[in-house]
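Remarks on the structure that follows.
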Amino acid sequence: KQRRHAKPSAPQPPKHHTPVPMGVCASKTSTADTLIGGRVVGTTPPPFGVTWADRLIDAPIGTVVCFDNGSKKKSMMSLALEGDAKKLRENVGAKLLDNILPRIGIIWNELGVVKPIVHGNASVLDAIDLECISQVFGNTYVATSSNGNTHVFSLSYNFPTCVDYGFLYAEHIAQGHLPSPPGAGEIEATAVFRNDKSELMMLWTGRGGDSLKESWTRQAPFDYMTGSVDESKIEIGRMVGVTGNPKWRTASSMQVHVNGPVVEFWFTSVYDGTESDGKTLDATSDQTAPQNKAAFKTVLAKTTFGLGPSYTDIIAQYEGIKVEAILLLKDTGDNKVKAVLLGSDDEIMGSLLGVQPLQEAKVAGMGNFGLNAGTPRFVNLAENSMYETFVPKSKFGTSGFAPAGSFASAIINGGRV
């Protein structure tokens, strides 16, 4: 990978984001002793299949994407010292391939093409198995690996010159770690957000599934300059599977939306029949094939706090895809969620990018009654990106989304990465 000259020191957050000390009253976003995914209300909508679009005009250009690439195999040096020649030969290909596989990138156009970010000195560029990514503020982000390692970095855009293409540079800020409960599995989803007390918070959870009907949650103040949380203030909570089926992963992605007194925990839960039921994929077809629709399924849901007792809505269901990345697209006026950006990780079939439109369900004189999900549209992120980057489509397994920073304006106005 190319490494460029060092960049300025880590950026500072805007002054209006200065954290406020925790008072005696709990935050409205507190997840201590709470249950996300509980008390499902309303009816479960029928599942959507994949409907193709020529392009997605609602997909925000510059959205930051992370991928779960990176070999977990032992290093070649370790195997050489162990004298295991067979495993050494097997690992050579995997380790060499690691050098060209994307860890992070940005959505480049309405076709869903992702441009990998390869310039910089940030630890995220060599991370293994990234599961999620969040915007801290501006052009500063944190991505988290399944083993709990956090990678904080900033992105800056270098404009094209007569001798160089424009490119995004990932500057290292910090690397930390998120603790998991004793004996718990890997981390599957995280979300960084500002609570109602202006504190920067980190929420993280395990995947559940594997015959478990629920998972754990942890929340604590997050220090982006160290990549760590304040372990003395960790809030312990639970997350239950909304389908009630222990073969479904409790969580595969998560976002937190704070809108005045109302706090919404959005998440997806997925079924991977290849793991839980031995189903096989039709590798000759795409996500619309009946065999693949039976193997992969997803539920999009949200749990709402602040409107009386908490409750959960199942917003939509999907067949043929495992949605492992979501991004809430909010109205700039009332800050309500108007659509959800969807990213799938469909193993050998690659990854799709979709937009799920939403509309408030209203009854005259009676107010709003949840959200209605319109038909989502998808483009083939992996296939379209493969033609641009020559990275195999199976290696574009989308695992997280974060909003675009200010660098996006340069891309939209004609810059090239």
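State whether one or more residues within the stretch 186-193 are open to solvent by less than 70 Å² (accessible area, probe 1.4 Å), over 18 Å from Ala402 (Cβ atoms) and assigned to a loop (DSSP other than H, G, I, E, B).
If we filter the stretch 186-193 for residues that are open to solvent by less than 70 Å² (accessible area, probe 1.4 Å), which is where we start, we get 187-193.
Okay, now just the ones that are also over 18 Å from Ala402 (Cβ atoms), so none.
No, the stretch 186-193 contains no residue that is open to solvent by less than 70 Å² (accessible area, probe 1.4 Å), over 18 Å from Ala402 (Cβ atoms) and assigned to a loop (DSSP other than H, G, I, E, B).
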Please go through (1) closer than 27 Å to Leu300 by Cβ; (2) within 21 Å of the chain's Cα centre (by Cα); (3) crowded, with 16+ Cβ neighbours inside 10 Å; (4) not polar (S, T, N, Q) for Asp223 and return the number of the only condition it doesn't satisfy. (1)
Is it fair to say Ser394 is modelled with pLDDT under 90 and either under 29 Å from Phe193 (Cβ atoms) or under 21 Å from the mean Cα position of the chain (by Cα) (or both)? yes
First in the stretch 101-123 and open to solvent by 10 Å² or more (accessible area, probe 1.4 Å), second anywhere and of a type in the set (S, T, N, Q) and part of a strand (DSSP E or B), Cβ under 7 Å, 6 or more apart: Ser123/Gln175
Given the conditions (1) within 19 Å of the chain's Cα centre (by Cα); (2) closer than 18 Å to Ile315 by Cα, which single one is not true for Thr243? (1)
Restricting the stretch 261-281 to residues that are exposed (fewer than 15 other Cβ atoms within 10 Å of the Cβ) and acidic (Asp, Glu), the one modelled with the highest pLDDT turns out to be Asp277
I'm checking my understanding of the structure. Among residues of the stretch 335-360 that are among the acidic types (Asp, Glu) and in contact with a strand residue (DSSP E or B) (Cβ under 8 Å, 6 or more places away or on another chain), which one is surrounded by the fewest Cβ atoms within 10 Å (Cβ to Cβ)? Glu360
Contact list please: Cβ distance under 9 Å, first residue in the stretch 275-299 and more than 19 Å from Glu324 (Cα to Cα), second residue in a helix (DSSP H, G or I) and of a type in the set (Ser, Thr, Tyr), pairs at least six apart or on different chains. Thr280/Thr274
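Being touching a residue at least 12 places away in the same chain (Cβ under 8 Å) and within 21 Å of the chain's Cα centre (by Cα): is that true of Val262 here?
no
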Per the list (1) open to solvent by 10 Å² or more (accessible area, probe 1.4 Å); (2) modelled with pLDDT of 95 or more; (3) touching a strand residue (DSSP E or B) at 6+ places or on another chain (Cβ under 8 Å), residue check on Phe137 breaks on (3)
Give just the number: which of (1) surrounded by fewer than 24 Cβ atoms within 10 Å (Cβ to Cβ); (2) in a strand (DSSP E or B); (3) at pLDDT below 95 does Tyr165 not satisfy? (2)
Test set (1) under 17 Å from Leu371 (Cβ atoms); (2) part of a strand (DSSP E or B); (3) open to solvent by less than 40 Å² (accessible area, probe 1.4 Å) - Val242 fails condition number: (2)
Here is a list: Trp216, Trp204. Which entry is in a strand (DSSP E or B), without any contact (Cβ under 8 Å) to a residue 40 or more places away in the chain and closer than 15 Å to Pro181 by Cβ? Trp216
So for the stretch 62-76 (the condition being in contact with a Leu (Cβ under 8 Å, 6 or more places away or on another chain), at pLDDT 95 or above, among the β-branched types (Val, Ile, Thr) and open to solvent by less than 30 Å² (accessible area, probe 1.4 Å)), does at least one residue qualify? yes
Please specify each residue of the stretch 289-313 satisfying the condition of being more than 18 Å from Ser27 (Cα to Cα) and in contact with an Asp or Glu (Cβ under 9 Å, 6 or more places away or on another chain). Ala289, Pro290, Gln291, Asn292, Lys293, Ala294, Ala295, Phe296, Lys297, Thr298, Ala301, Lys302
Mind listing just one residue for me: the one in the stretch 17-61 that is out of contact with any strand residue (DSSP E or B) (no Cβ under 7 Å at 6 or more places or on another chain) and of a type in the set (Gly, Ala, Ser) and, of those, modelled with the highest pLDDT? Ser27
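The values are calculated or read from the model by the stated rules, or taken from the named source; none is laboratory data. Please read all numbers here as calculations on a predicted model, not as lab measurements. Positions of Cβ are backbone-derived with ideal geometry, glycine not excepted, and every protein chain shown enters the neighbour counts. Areas reflect the complete protein model, heavy atoms only, side chains present, ligands, DNA and RNA absent. Shrake-Rupley method; radii C 1.70, N 1.55, O 1.52, S 1.80 Å.
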